[in-house]
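This report refers to the structure that appears directly beneath it.
The values are calculated or read from the model by the stated rules, or taken from the named source; none is laboratory data. What you see is a predicted model, and the numbers here were worked out from it, not measured in a lab. With ideal geometry, Cβ positions are generated from the backbone for all residues, glycine too; neighbour counts draw on all protein chains shown.
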Amino acid sequence: MTAEGLISHEVQMTPKANGGYMGKTIAEKIFDSHLIDNPYGDIHIIRLDAVFCHEITTPMAINDLVQRGKDKVFDPDKIKVVIDHVSPAKDSKTALQGKILRDWARRHHIPDFFDIGRNGVCHALFPEKGFVRPGFTITMGDSHTCTHGAFGAFSPGVGTTDTEVAILKGICAFHYPKTIKIELTGKLKAGVFAKDVILHIIGQIGVNGATDKVIEFAGPVVDEMDMAARMTLCNMAVEAGGTSGICYPDMHTVDYLWPHIRTEYTSRQAALKAFQPLTSDPDADYEAIITIDVGDLAPMVTHGYQPDCVKPVEEMQGTVIDQVYIGSCTNGRMEDLQAAVRALGDNKISDRVRAIVSPATPEVYQKALDQGLIKIFMDAGFCVTNPTCGACLGMSNGVLAEGEVCASTTNRNFNGRMGKGGQIHLMSPATAAATAVAGHITNSTLYRKNT
Amino acid sequence: MKSFNGKVLFLDRSDINTDEIIPAKYLTEISKDALKPHLLEDLSLEEFNPQTDITGKNIIVSRSNFGCGSSREHAPWALEVNGIHLVIAESFARIFRQNTYNNGMMAVALPVETIDRLFSDFSDLQTTLETDLDEQIFIFRTADREEHVPFNLAGFDRELVKAGGWVEYADRNY
């Protein structure tokens with residue numbers, strides 16, 4: 001792989017009627033550089049740089065390709081595969097899903113297949129492995145694929161048929177992207193995190209507020225956020241209907257990716273320079289620009305059964321819970337575990353709750369072990385599970401019984417999502433940890449040390 | 001091409017998500033037919049009984065943001081194996097909508113006022129629908145009345161419906 005030429009960020013210019021050139025959003029720039037065909041109206045067939053696969057939505061695509069006599073892959077190096085939703089397999093059916101995926105990855109010599117033990121939650125694992133780059137187009141049969149927009153990629157979740165065509169041909173069809181820009185100003189208070197910000201945003205714009213649109217997160221608050229925080233923001237873009245979240249690549253992006261790109265660029269500055277065209281032009285055309293000052297934002301939590309039912313934690317203070325869950329593609333990264341541990345202090349969890357922490361990847365788990373976080377969680381009374389999506393969608397490792405309530409760092413509070421008849425309150429890892437100690441929903445400032 | 005005619009099921013709620021259309025616990029199935037008995041089994045809607053209300057229905061009419069949440073294509077598949085190939089609503093979540101056309105099915109958005117009128121005029125009655133794809137008109141019928149409702153099917157969506165889905169279309173063209 002050669003230096004700066006690996007990814008072309010050359011931007012195509014669109015002439016304006018009155019001369020000059022129209023400004024473009026980052027999503028439009030990525031689209032234009034990946035265009036294959038424009039068969040109808042604003043439908044664009046684009047080339048994909050990466051196709052991600054997991055064992056819940058891909059096996060049906062594999063089976064269909066086999067049945068059609070088209071058991072081929074467009075490029076084994078661009079397909080990344082993980083078993084993550086139910087891991088290890090909990091029954092014969094999930095074992096079969098894993099087997100279909102595993103056998104397929106082997107027969108097509110897909111080098112990046114992450115089996116049990118090396119596997120983690122896809123949207124935490126694949127960035128960590130360096131598979132996401134600024135300017136990439138990525139699809140996966142998973143709605144939270146929008147997470148990868150944190151790196152300046154166009155990364156929409158798709159279904160199984162789109163995944164099938166992506167596997168076979170490396171293409172996908174989308175409407176030309178319209179963008180809502182959310183400019184975040186102010187300075188987050190201690191104890192307030194990216195999760196609180198995105199819950200607040202969804203509460204403001206609603207579950208339908210960004211349907212068919214890319215949500216671009218920008219402004220000084222985003223500039224200061226590390227990649228973990230940006231991934232939390234972008235992860236929940238789909239909860240407002242968004243096609244993808246997206247942030248501009250900057251030095252945080254370069255620093256995160258550096259172990260994976262150091263052979264491609266002569267220096268971090270050179271990498272930054274290569275990524276810099278991937279920003280929105282000042283005169284870019286937005287569907288809407290929403291400025292939100294988050295300086296006064298308090299920790300937030302959901303009530304009800306939609307992610308736009310959001311209130312400050314204070315207003316939900318005292319809501320009794322049965323289970324606490326810290327993990328998932330939203331909040332299962334090292335920074336999330338660290339925030340939870342800071343909130344936990346040396347307290348034990350309440351006798352009336354059970355608490356589960358699921359580090360999102362083996363690397364997160366290993367670091368948490370090395371830094372003593374796992375011991376703190378266990379001493380407090382947490383159950384520490386292997387990396388898996390598991391409880392978030394009620395598949396395994398923390399399913400709720402009817403009438404039970406979970407304080408969760410995941411991304412969806414749909415009725416029964418974690419188990420039929422169960423209720424979920426979404427919150428940050430710090431709030432979840434404090435809630436575990438109290439046994440009811442509460443603010444992490446009551447317990448937090450060293451902030 | 002699939003059929004877009006038959007009896008109408010009215011679901012009077014917004015934001016019906018794909019967890020409600022087909023709960024995650026059935027995502028471990030690897031055949032579409034296995035999804036059939038579980039369609040809408042967790043739908044939060046008063047007086048809706050999935051055991052009796054779905055049988056024989058071929059079209060769903062609903063409110064806004066239908067199919068939000070998880071990208072699971074099991075949602076349109078669960079509709080398909082129950083003979084429901086058409087959903088009409090105020091608006092759709094993007095992934096659900098695309099998944100529907102990708103299977104040669106249809107998710108058609110109509111203006112709020114039209115949806116309101118359909119609910120007030122037809123939801124209490126035995127209603128059937130006939131789709132004229134060429135003229136892009138839905139014909140709603142009850143025992144004693146008939147209403148013609150025009151709809152707009154974009155070029156690409158029409159091609160997917162005609163081709164039978166995105167795999168067929170992509171294979172032919174790319």
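Couple of notes before you dig in:
- Hits in the stretch A:219-235 - residues which are surrounded by fewer than 20 Cβ atoms within 10 Å (Cβ to Cβ) and either in contact with an Asp or Glu (Cβ under 6 Å, 6 or more places away or on another chain) or assigned to a loop (DSSP other than H, G, I, E, B) (or both): A:Gly219, A:Asp226
- Verdict on A:Pro76 being touching a residue at least 40 places away in the same chain (Cβ under 8 Å) and assigned by TED's automatic domain parsing to the domain that holds A:Tyr265: no
- Among the candidates A:Asp351, A:Asp322, A:Asp379, the residue that is buried (at least 17 other Cβ atoms within 10 Å of the Cβ) and at pLDDT 95 or above is uniquely A:Asp322.
- Consider the stretch A:382-392 and keep the residues that are assigned to a loop (DSSP other than H, G, I, E, B) and under 19 Å from the mean Cα position of the chain (by Cα). The one that is surrounded by the fewest Cβ atoms within 10 Å (Cβ to Cβ) is A:Asn386.
- Residue in the stretch A:389-396 that is away from chain B (no Cβ under 14 Å) and either touching a Gly at 6+ places or on another chain (Cβ under 7 Å) or of a type outside the set (Gly, Ala, Ser) (or both) present: no
- For the stretch A:90-121, taking the residues that are surrounded by 14 or more Cβ atoms within 10 Å (Cβ to Cβ) and polar (S, T, N, Q), the one that is nearest to the chain's Cα centre (by Cα) is identified as A:Asn119.
- The numbered conditions (1) of a type in the set (Val, Ile, Thr); (2) over 23 Å from the mean Cα position of the chain (by Cα); (3) more than 29 Å from A:Pro134 (Cα to Cα) are all true for A:Val310 except (2).
- Residue count for the stretch A:100-123, restricted to those that are away from chain B (no Cβ under 14 Å) and closer than 16 Å to A:Arg230 by Cβ: 0
- So B:Asp157, is it closer than 21 Å to A:Glu164 by Cβ and acidic (Asp, Glu): yes
- Count - residues of the stretch B:1-49 that are touching a Pro at 6+ places or on another chain (Cβ under 7 Å) and free of Cβ contacts under 8 Å to residues at least 12 places away in the same chain: 1
- The residues of the stretch A:77-89 that are more than 14 Å from chain B (Cβ to nearest Cβ) and either among the hydroxyl-bearing types (Ser, Thr, Tyr) or buried (at least 16 other Cβ atoms within 10 Å of the Cβ) (or both), listed by number, are A:Lys78, A:Ile79, A:Lys80, A:Val81, A:Val82.
- Check on A:Ser92, out of contact with any Gly (no Cβ under 8 Å at 6 or more places or on another chain) and within 14 Å of chain B (Cβ to nearest Cβ): yes
- Residue match in the stretch B:116-131 (condition: hydrophobic (A, V, I, L, M, F, W, C), surrounded by 15 or more Cβ atoms within 10 Å (Cβ to Cβ) and within 30 Å of A:Thr139 (Cβ to Cβ)): no
- Among the residues of the stretch A:48-80, those identified as among the basic types (Lys, Arg) and closer than 12 Å to A:Leu168 by Cα are A:Arg68, A:Lys70, A:Lys72, A:Lys78.
- Helices (runs of 4 or more DSSP H) completely within the stretch B:1-105 that count 3 or more residues being within 13 Å of another protein chain (Cβ to nearest Cβ), surrounded by fewer than 18 Cβ atoms within 10 Å (Cβ to Cβ) and of a type in the set (Gly, Ala, Ser): none
- The requirement of being touching a residue at least 24 places away in the same chain (Cβ under 8 Å) and in a helix (DSSP H, G or I) is fulfilled somewhere in the stretch A:393-416, by at least one residue.
- When B:Arg158 is tested against (1) loosely packed, with under 14 Cβ neighbours inside 10 Å; (2) within 26 Å of B:Arg94 (Cα to Cα), just one condition goes unmet, and that condition is (1).
- Hits in the stretch A:236-255 - residues which are crowded, with 22+ Cβ neighbours inside 10 Å, within 16 Å of A:Ile30 (Cα to Cα) and touching a strand residue (DSSP E or B) at 6+ places or on another chain (Cβ under 8 Å): A:Thr243, A:Ser244, A:Gly245, A:Ile246, A:Cys247
- If you go through the stretch A:141-191 and pick out every residue that is surrounded by fewer than 24 Cβ atoms within 10 Å (Cβ to Cβ), of a type in the set (Gly, Ala, Ser) and away from every other protein chain (no Cβ under 12 Å), you end up with 3.
- Scanning the stretch A:149-172 for residues that are touching a residue at least 24 places away in the same chain (Cβ under 8 Å) and in a helix (DSSP H, G or I) returns A:Gly149, A:Ala150, A:Phe151, A:Thr160, A:Thr161, A:Thr163, A:Glu164, A:Ala166, A:Ile167, A:Leu168, A:Lys169.
- Looking across the stretch A:417-439, the residues that are assigned to a helix (DSSP H, G or I), touching a helix residue (DSSP H, G or I) at 6+ places or on another chain (Cβ under 6 Å) and either assigned by TED's automatic domain parsing to the domain that holds A:Ala229 or not small (Gly, Ala, Ser) (or both) come down to A:Pro429, A:Thr431.
- Residue within the stretch A:415-438 that is surrounded by fewer than 19 Cβ atoms within 10 Å (Cβ to Cβ), over 19 Å from A:Asn331 (Cβ atoms) and either in contact with a strand residue (DSSP E or B) (Cβ under 6 Å, 6 or more places away or on another chain) or away from chain B (no Cβ under 14 Å) (or both) present: no
- Filtered by the rule that a residue be part of a helix (DSSP H, G or I), farther than 16 Å from A:Val132 by Cβ and touching a residue at least 12 places away in the same chain (Cβ under 8 Å), the stretch A:257-272 gives A:Arg268, A:Ala270, A:Leu272.
- Test: residue in the stretch A:124-140 that is at pLDDT 95 or above, within 13 Å of another protein chain (Cβ to nearest Cβ) and buried (at least 24 other Cβ atoms within 10 Å of the Cβ): yes
- Flag if A:Tyr365 is assigned by TED's automatic domain parsing to the domain that holds A:Lys420, outside any helix (DSSP H, G or I) and out of contact with any Asp or Glu (no Cβ under 8 Å at 6 or more places or on another chain): no
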